[in-house]
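Working notes for the structure below.
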Amino acid sequence: MASTACFVIVSKNDVPIYEAEVGSAPKKEDLAYQHQFILHAALDVVQDLAWTTNAMFLRSVDRFNDLVVSVYVTAGHTRFMLLHDSRSDDGIKTFFQDVHDLYIKIFLNPLYLPGSRITSSHFDTKVRALARKYL
Amino acid sequence: MDPLRSYLGRLLLEEITPVVMVLTTPLAEAACRKSGLSFVDMLSPFSLFKKIDVPVRTASEVPYRLQMFKIRMVYASDVRKEDYEVADERIKPVVSEANEKALLDLLSDPPQLEDVLGKPEAELCPLWIKKFNRELMRTLSFSEHETFDHPVACLLVVSSMDKEPISKFVDLFNTNQLPSLLNEGIMDPQILKHYLVLHDQQDGPQDIAVNVLAEMRSTLGLNDCKLLCINSSTEADGSNPDNSWLPYKALGLENREGTCFLSTDDLNEIKDFMQDFASNHIIPYMEQKIRVLNQQVATTRKGFRNQIKNLWWRKRDDVPEAPNGPMQYTFTSIESQIRVLGDFAFMLRDYELALSNYRLLATDYKLDKAWKRFAGVQEMSGLCYFMLDQSRKDAEYCMENAFSTYLRIGSSGQRNATRCGLWWAEMLKTRGQYREASSVYFRVSNEEPSLHSAILLEQAASCYLLSSPPMLRKYGFHLILAGNSYYMSDQKQHAVRAYRNALFVYKQNPWSYINDHVHFNVGRWYGVLGILDVAIKHLLEVIACSHQSLITQNMFLSDFFHYVQSMGKKFDVYKLQLPVFNMSSLRVIHEDHRTYASDADVDVSEGTWQELEVELIPSSSVVRTNWLDTQPKPSLRKYKDSCVCVAGEAVKVNVELRNPLQIPVDVSGISLICQLSTNLDALSSDVSGLTLDDGEDKVNTEPSVSILETDEDNFIVSKLDIILGGGEIKIVQLDVTPKVEGILKLVGISWTLSNSVVGYQYFEFGAQKKNKKGKRGRRRSFNNSLVVIKGLPKLTGSIDCMPTKAFAGDLQLLKLNLRNHSECAVKGIKMKISNPRFVIPGDSPDIDLDFPHCLKKHMQSEIDLVPHKSTKENFKGLLFAFPQVLPSLDISFAISKSSSRLQEYIVRMDDFEADSCKEAESGSYRSDTALYPGSNGDVFDIARPPLADFHFQERYRQGKLAKVPCSLLDFVLISKAAGNSSKPSPDLQLLSHHTCHCSALSQSPIWWLMEGPRTITHDFSKSYCEVSIQLVIHNSAAYKSSVRVVTSDAMPEKSQTVHPHDSTSVQGGWHDVSLENDIKAISSAKGTRHEKQSSKSISPYVWCSLSSAQIELQPDSCSRVPLKVCIFAPGTYNFSNYELQWKVLPSKEAQVDENGSSSGGPGHPFYVTVLQSV
């Protein structure tokens, strides 16, 4: 498991709708904003990259020092962004695909307003379990 | 784009130029000092030649002309490598100088997206940054692995005042004083030497100098000697120099001391000298050298044979890895010569030659593993590629290679890497590859100390902005990084500037941590710089950070309050985030309360009220929104939808407020912001204006709080202080009390946070319709204007000690307290009770009565008539819950007529609850006389108001009021709960039971009895005794009756024994006991002689007046029939020897044969005792 991993789902309006620190390193307050900065800045790259490929998984799109940003773009242009320092590309891909499944389940919920924050604790637990499994 | 015209091209032309080492004598230097300049300073403006136009030929004899040319003049003592620390210190002023300019910018508004995108590149990167870049590159000057900084020529300067100038020249080029580069054999000491005699005109005529020159020419060579005369201007005035120096000022030549003896002629002479020096000496020398070196290289390295040899030789000599072994390559080594060749070619812009040599060299160095030199060569070949505008890929490859190689060799190559990176980035920028450029800048920044990296990051940021499409987020991020670095290197102004420029990227940003970080830091740094208002503005953005940890929240808040306090005054903040007012929870509470009782009572159905109100509300044809506004003014018509409030009464608003933090916050002075305008016309326009603008620009319509608070005369607002705990949600009630008529507008809420910040917020209407919920359940669209009408009386009523439980028939005294809250008098209060059977209003004097003792009969309590009250008593609607009624007494009773007295009854009563003692009263509805079977004290007066009223109500309820047959009786039982032994309750309970319209057991309509003296004393010795008695006959029937009284003298002995009522034998309890036996007993006790006689005598008395009388009795009336009896002996006599016969005469003939219409009855016993008088 990666020591640092920050997973964020960004809606198509660039609003983060789900955030989770899934790394094994103890969470630090001052890192939270740094991760957000990196992921936020990486959106610029994703914006360009998303239209150049048919694949949903864009692999690592951006890096900041030793932190890598891997991105998965859904058909609705919701972006799953993972900031990590590990290199297991396959694990990340599986992780993204499984999260996509979960996300679709959330999306199918008639009470969920697309683009609003995902507050389901079930989703949260599942995502964290997946992170433990694949990252 | 022509690479020569690009920024990098010009940079290279200016930076990579031949260096001229200058050696001066102290006297020559002193001559220059007179004008406030050093010798180098004096010459350097003229070392840049815009149009030198020198013909040059390449090594392969291809002619071309050099146009722009520059030579660098450097003192010999400066030709050395500087320490990094010293160099960095030298750079610092460049940054801090820009500080002061930055400070001015900070006061203005931060740039917006449009501004930034519209800016040209030059403005994005301020000039000082370019200057900084150059300075950063110059710190690498005179390194040993590159030769373009190695002096090409040497200028020896001797003053004409020096003694033995020729020997001075020789001394100057003393090997001890020369730079280490020359001494250590890294470069060729055999360089071009040029000799100059400097003559100060003030020291005397030119002759000495000319002589010296002639001498020099003869010894040192004809062409290499020159004479330069300066300070020819005799007067040191300010105006002359100004004019002549003007064109050169831009080149950095500044007269610092104000005096200048250089005349225009001097300047022209200097210029000519420099021109000559460059074109006739330096350039030809370099050209020559190139040719020589090229020849040398060609013979040793070019050609197939040489290559093989070189390869083989290199292989054999397996050099250990020593990146910059001190003496590995001396100037005599072929590698150094190739490098010199390349650099010279580069400086003379023969880039192809340079490139081919660099490439040749690269392979050599690579084989030698001389990495630093390899990187340097790669760097240069990259630049050559760029200048040739060929093969971008190769250029980039070379730069990349150089950069990474520099990095690989560790700390010694770091700064070189930086320079290489800067060149590389500039190269990419020239080609429009901004994204790549920014990533290069970013990579460079990692290698530099924080101040340098900050500037590099800032350049990276600007590159992101310039790339297309602009990468704003990257721009922002890198500016933030730059700001952080600036802050770490203690350049706060720059830090704020960087952050501020990034602000627009993060405006309205939902990424909460980013937002907090940016605003907090900007705010804090502004605070440190002392620009407090801006600091507070930014800190305001972060104080409501619910997602942060407790520590962070604390830090944010304490910083915020720190700056607020250092600001030293309260200030107003529109839409302060702390605490959060939930505007959708806004409710206006109307002051049309029917009750202040519990909510359960408030929610009584409307039907209950309407029923009560039916007779109270005056019927009117006009339907009004509120019955209060009896006279609607025409000007108020437009406010007809507005709610009405009353002057002097509070309008209440409920609003929910929430503390988003985990820290308790102190909120004081929460109050409404209101406007009350008495002038209706002025207001109407104002109001319409404001309501229209609601959704639009808040800033314009937003009146400052201070203005609104001046209205103290017209209304009073409540102020509320609370402390909200962490995460707490509270609903507060605010009120405003208008004092005058007009239109009251509820504008917003204001509050004070921790006694230092006044927050205010306006109510927003329009977007979502808020409903004002009146108690009537009428929903209206929320309108913030209330019509204030003049003061109205306002009554409240309450009942003390309303019991929740009572027994059936429980009598309780209730006090209704009415209170008028307003200043107006109240008239004509009406009251209505939903259930008048159970609640009877008393009279005002009753209030002070001592209950229940007041009910007791007073000594003189006469027979009062029940005060006749109308059933339409009017009550004010008050809501009381009637108490729960418990069953109390269960009684059964029978009433019979008393035979002894007229209009008295005997009541037999059984009750099944033995715990109370009873006092029974019976009476007719009209008058009452009481009979007390177990009388032992307390007597109740049922004719007094409370009881009588209840009685009346009961009669009414039980429903037979209209027809009042006299024979029907009302039975009132008043019982008193026996004080339980356990607790003697002070307020003893009284229970009253009313049973109305009972009938007595005997149904006879005629009721009679004898009246007369009971005891007579008579002297029988004189005459017989004549007793006159009266027979009172009462007709209780509804009709007229005719009654006939028949007396008979015969004794009906037998019938007397049977006389007792039939019913008494059946019933238990009391019964009619014949007095006969008692009398006898008494008589016997007295020992009366006539005992036997009286009982045995046949007729001891004689009716003497009449034997029969016929009278007519009106319904419900009495008549008396006088009777007389003659008695002849003393004794006790029973005058029952008569009979009544009556006939009811119905008014209508048809009902004659009614049962009982005609009947009769024997006389009641009436005992009279006659005594013999003595």
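Some notes on this structure:
- Evaluation of B:R435 against (1) touching a residue at least 60 places away in the same chain (Cβ under 8 Å); (2) of a type in the set (K, R); (3) within 11 Å of another protein chain (Cβ to nearest Cβ) (one fails), failing number: (1)
- B:K794 meets each of the listed conditions (1) on the phi < 0 side of the Ramachandran plot; (2) modelled with pLDDT of 70 or more; (3) out of contact with any His (no Cβ under 8 Å at 6 or more places or on another chain); (4) surrounded by 15 or more Cβ atoms within 10 Å (Cβ to Cβ) apart from (3).
- Any chance B:S999 is on the phi < 0 side of the Ramachandran plot, of a type in the set (S, T, N, Q) and at pLDDT below 60: yes
- Taking the criterion of being modelled with pLDDT of 70 or more, closer than 17 Å to B:V655 by Cβ and in a strand (DSSP E or B), the residues of the range B:759-791 that qualify are B:G759, B:Y760, B:Q761, B:Y762, B:L786.
- Test: residue in the range B:500-513 that is more than 10 Å from chain A (Cβ to nearest Cβ), buried (at least 18 other Cβ atoms within 10 Å of the Cβ) and of a type in the set (S, T, N, Q): yes
- Residue within the range B:192-202 that is at pLDDT below 80 and either part of a helix (DSSP H, G or I) or out of contact with any helix residue (DSSP H, G or I) (no Cβ under 8 Å at 6 or more places or on another chain) (or both) present: yes
Conditions tested, residue by residue: (1) assigned to a helix (DSSP H, G or I); (2) modelled with pLDDT of 70 or more; (3) surrounded by 15 or more Cβ atoms within 10 Å (Cβ to Cβ).
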residue	(1), (2), (3)
B:D272	yes, yes, no
B:D276	yes, yes, no
B:G325	no, no, no
B:L360	yes, yes, yes
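- Residue within the range A:104-118 that is closer than 21 Å to B:H547 by Cβ, within 13 Å of chain B (Cβ to nearest Cβ), among the hydroxyl-bearing types (S, T, Y) and out of contact with any His (no Cβ under 7 Å at 6 or more places or on another chain) present: yes
- Test: B:K193 is out of contact with any Ser or Thr (no Cβ under 6 Å at 6 or more places or on another chain), surrounded by fewer than 22 Cβ atoms within 10 Å (Cβ to Cβ), within 24 Å of B:D207 (Cβ to Cβ) and in the same structural domain as B:L222 (by the TED database): no
- Test: B:S6 is within 30 Å of B:T418 (Cα to Cα), surrounded by 18 or more Cβ atoms within 10 Å (Cβ to Cβ) and of a type in the set (G, A, S): yes
- For first residues located in the range A:12-32 and away from every other protein chain (no Cβ under 13 Å) and free of Cβ contacts under 8 Å to residues at least 60 places away in the same chain, partners that are among the hydroxyl-bearing types (S, T, Y) and assigned to a loop (DSSP other than H, G, I, E, B) and lie 6+ apart or on another chain with Cβ distances below 8 Å form the pairs A:S24/A:S3; A:A25/A:S3; A:A25/A:T4.
- Single condition B:L104 does not satisfy, out of (1) at pLDDT 75 or above; (2) among the aliphatic types (A, V, I, L, M); (3) out of contact with any Lys or Arg (no Cβ under 6 Å at 6 or more places or on another chain): (1)
- Of the residues making up the range B:542-567, those that are of a type outside the set (S, T, N, Q) and within 14 Å of chain A (Cβ to nearest Cβ) are B:V542, B:C545, B:H547, B:L550, B:I551, B:M555, B:F556.
- Of all residues in the range A:24-47, none are over 29 Å from B:N521 (Cα atoms), of a type in the set (D, E, K, R) and surrounded by fewer than 19 Cβ atoms within 10 Å (Cβ to Cβ).
- Selected residue (criterion: surrounded by the fewest Cβ atoms within 10 Å (Cβ to Cβ)) from residues of the range B:514-538 that are within 22 Å of B:L113 (Cα to Cα) and away from every other protein chain (no Cβ under 13 Å): B:K537
- If you filter the range B:441-486 down to residues that are more than 39 Å from the chain's Cα centre (by Cα) and of a type in the set (V, I, T), you find that the one that is nearest to the other protein chains (Cβ to nearest Cβ) is B:V444.
- Subset of the range B:539-576 that is farther than 21 Å from B:G748 by Cα and in contact with a Lys or Arg (Cβ under 8 Å, 6 or more places away or on another chain) - its residue that is surrounded by the most Cβ atoms within 10 Å (Cβ to Cβ): B:L539
- Candidate set from the range A:57-90 (those that are of a type in the set (D, E, K, R) and touching a residue at least 24 places away in the same chain (Cβ under 8 Å)); member that is surrounded by the most Cβ atoms within 10 Å (Cβ to Cβ): A:R79
- Of the residues making up the range A:63-74, those that are away from every other protein chain (no Cβ under 14 Å) and over 17 Å from A:P16 (Cα atoms) number 1.
- Lone unmet requirement of (1) over 15 Å from A:F95 (Cβ atoms); (2) more than 12 Å from chain B (Cβ to nearest Cβ); (3) in contact with an Asp or Glu (Cβ under 9 Å, 6 or more places away or on another chain) for A:S60: (1)
- So B:K474, is it in contact (Cβ under 8 Å) with a residue 60 or more places away in the chain and basic (K, R): no
The values are calculated or read from the model by the stated rules, or taken from the named source; none is laboratory data. Values in this document were obtained by computation on a predicted structure and should not be read as measured data. All Cβ positions, even for glycine, are placed from backbone atoms using ideal geometry, and neighbour counts span all protein chains on display.
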